[in-house]
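J.: Here it is: the structure, laid out below.
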Amino acid sequence: MKKDIHPNVNDTLIRCNCGYEATLLTTKGKELSVEICSNCHPFYTGKQRFVDTAGRIDRFRKKYGNLADAKK
């Protein structure tokens with residue numbers, strides 16, 4: 001194997017906004033923050049929850065809300 005071409009692998013503490021913490025081996029650094037993890041993601045939990053931090057759903061409904069009525 002060639003020398004000095006492989007990235008450094010660190011033990012990284014990953015923190016989610018829901019409070020979950022895990023330690024994994026990554027090349028990203030010592031600490032990493034994520035918004036959604038497997039403990040709070042609707043696909044894994046089975047609970048429907050809209051994660052809309054920037055108002056994207058409201059903007060979409062405002063822009064295209066009348067479009068569904070127009071096609072009928």
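J.: Got a sec? How would Asp11, Asp4 order by Cβ neighbour count within 10 Å, fewest to most?
T.: Ordered by Cβ neighbours within 10 Å, fewest first: Asp4, Asp11.
J.: Could I ask something else about it? Can you sort Cys18, Cys40 from fewest to most other Cβ atoms within 10 Å of each residue's own Cβ?
T.: So the residues, fewest neighbours to most, are Cys18, Cys40.
J.: Provide the net charge surrounding Leu13, with neighbours chosen by a C-beta distance below 14 Å and charges set as Lys +1, Arg +1, Asp -1, Glu -1.
T.: For residues surrounding Leu13, the net value is 0.
J.: Please arrange Lys63, Lys3 by how many other C-beta atoms lie within 10 Å of their C-beta, fewest to most.
T.: Ordered from fewest to most neighbouring Cβ atoms within 10 Å, Lys63, Lys3 come out as Lys3, Lys63.
J.: Could you give me the ³J(HN,Hα) list for region 10-22, computed from phi with Karplus coefficients 6.51, -1.76, 1.60 and θ = phi - 60°, whole Hz, x at Gly and Pro?
T.: 10, 6, 10, 8, 9, 10, 9, 5, 7, x, 6, 10, 8
A short reminder: the numbers here are calculations on the coordinates, not readings from a lab. Bear in mind the structure is a predicted one, so any value in this text is a computation, not a measurement. Quick reminder, even Gly has a Cβ in these numbers, built from the backbone with ideal geometry, and neighbours come from all protein chains shown.
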